[in-house]
Amino acid sequence: MSQNPSHRHAPEGDLVLTAFEGVVGAANLLATVGDMARYLVDARGRYRGAALCVVRPANTAEVAATVAICARAGIAIVPQGGNTGMCGGATPGAQGRSVVISLERMRSIREVDPANSTITVDAGCPLAAVQEAASEIGKLFPLSLGSEGTCQIGGNIATNAGGTAVLRYGPMRDLVMGIEAVLPDGRIWNGLRGLRKDNTGYDLKHLFIGSEGTLGIVTGAVLKLFSQPAASAVALVALPDVGAALALLERIRCEFGERVTTFEVMSDSEYQLVLALRTELRSPLAGQAPWYAFIELTDAIEALDLRTALAETLGEVMEAGGINDATLAESGAQAENIWHIRHSVTEANLKAGAAVSHDTSVPVSRVPEFVAGVEDGIRTRFPDAKSYFVGHIGDGNIHAIAIFPREKFLDPQRFSEVAGEVNALVDEVTVSLGGSVSAEHGIGRSNRARLQRHKDPIELEFMRQIKRVFDPAGLMNPGILL
Ligand code: FAD
Ligand code: 2HG
Ligand code: ZN
């Protein structure tokens, strides 16, 4: 067992480490500062924590044995997937008394059932591996995020992840049919049912979806598969304003119905930031515009030439003055370039300065008011910052990002105070439009105070009661969500 050189554990701590080693073996028990480092900081480097150790179980039985040791010793547990979360939910607190349980070794595809259109996987499977396994049998697992190479199915379930295909297929909640989870006392709940109909009372899996590691550890899942599209069309559209995106969405929906898989928007500020920071990407449009829409239509059969039909519609809208310009991808490589631009925002924002990001949803029809309210507020109340917007307008989910020059906030305490003030401004606009302060990223560590402020007190009371039912000792991911 490797010991932390800068920190001697109490004798009872040593006993616990020995017990973990007995479950996962010395190679999968990490206890030195160096070995643990990458598990103790979040994807954007905003949260740093400490832990007694990191345990890397290989299967559900090892997760259960590890959790049972924690339960007996009263040690807190932080479940960790791909560690790409946006809210610090997979980073332990600073006290160093918890154990991080990483699912990264649990990557098996357990079963593919083409006739049932389901796939059963370990929770540590990266999302991209599940997409690939589905595609190998001619099916589609539609969840799609910029982090899909790294994030895991367990993390997608725990955060109820969204992404770019929610418009057509829904968020993770709509894609999960069954769950296996290790409960905080070490018991294994086997809810791996691949049933489209199961009307036998409360549906526990829905409590685990979006629970952010606070009720137990998801170790396996049965996921829904769909038909692979046989035809698709990808377009990038230049727009005069964000309202034009809504009008275009409405028109395209009327004409293409269910085939509208993705409809995303980006402000020009964000678009230029991405192009400046990722110089290998090229804008496929001739000039600049205030806003852009990223559109994908797909169809399971090739009955309609989607590309030609979309080009015709965009041509008509352009003639009527509804859009400035548009380009359709003519090859897979061109489509990929368009999606690369869309998926590079997080990296670009991180490099651009001290960024305060938001994950707001409002009724789709009110997105323009949200953008105007936030833009105005940032301009007048935070003149040092510039505002950027990107998001899933088809779901009413817009990420508003205020970026300050990094040199203004060398002191992290000062940055967190100002970030709180920017959050308050964005929340004020959000609440006035009947929106939510977290659409798809979750609450984690960053948004707890905002949840307390904005969630209905009755819902909060029931959430606390549910937490106590599953986890009376409060050992699962303390300090997260509630
Ligand atoms: P982690 O970050 O490891 O954990 C997230 C939370 O889930 C933590 O609270 C953790 O304790 C809990 N958890 C993890 N695994 C388990 C488990 N097995 N059982 C119980 N609890 C668990 N999110 C979106 O919704 N839409 C996007 O479009 C999107 N784009 C992104 C783009 C980039 C470039 C990046 C870096 C992130 C993006 N995200 C997006 C955020 C993130 O990828 C998702 O929240 C993802 O679902 C997190 O999965 P993960 O495996 O990395 O979870
Ligand atoms: C996206 O939509 C992600 O690209 C991340 O949800 C947004 O980095 C962000 O603020
Ligand atoms: Zn998003």
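Values in this text are rule-based calculations from the coordinates and carry no lab data. Please read these numbers as outputs of a predicted model, since none were measured by experiment. Cβ placement follows ideal geometry from the backbone for every residue including glycine, while neighbour counts extend to all protein chains displayed.
Odds and ends about this structure:
- Using the Cβ-Cβ distance between Arg453 and Arg414 with R0 = 25 Å, the FRET efficiency computed as 1/(1 + (r/R0)^6) comes to roughly 0.65.
- Difference of contour (0.36 nm per residue) and Cα-Cα distance, Asp305 to Leu277: 6.5 nm
- Separation between Cα centres of segment 38-104 and segment 182-196, rounded to whole Å: 20
- The stretch between Glu336 and Asp198 holds 45.7 nm of extra length on full extension. This uses 0.36 nm per residue minus the Cα-Cα distance.
- Neighbourhood charge, 11 Å Cβ-Cβ cut-off, centred on Ser102 and excluding it, Lys, Arg +1 and Asp, Glu -1: +2
- Cα→Cβ-extended label distance, 7 Å offset, between His206 and Ala26, nm: 5.0
- Taking the fewest neighbouring Cβ atoms within 10 Å as the starting point, the ordered list for Glu21, Glu302 is Glu302, Glu21.
- Inter-label distance, Glu250 to Glu136: 4.7 nm, where each label sits 7 Å from its Cα along the C-beta direction.
- Taking the fewest neighbouring Cβ atoms within 10 Å as the starting point, the ordered list for His358, His343 is His343, His358.
- Under 14 Å, Cβ to Cβ, from Ala289 - net charge with Lys/Arg +1 and Asp/Glu -1: -4
- Spatially near lysine pairs across the chain, Cα under 14 Å, sequence gap of 8 or more or different chains: 4
- By DSSP, the beta bridges lying fully in the chain are antiparallel in about 85 percent of cases.
- Residue order, fewest to most beta carbons within 10 Å, for Cys70, Cys254: Cys254, Cys70
- Spin-label zone in segment 44-77 - amide nitrogen under 13 Å from a point set 7 Å from the Cα of Asp35 along the C-beta vector: 52-57
- With respect to the chain, whose longest principal axis is taken over its alpha-carbon atoms, helix 60-73 is tilted by about 60°.
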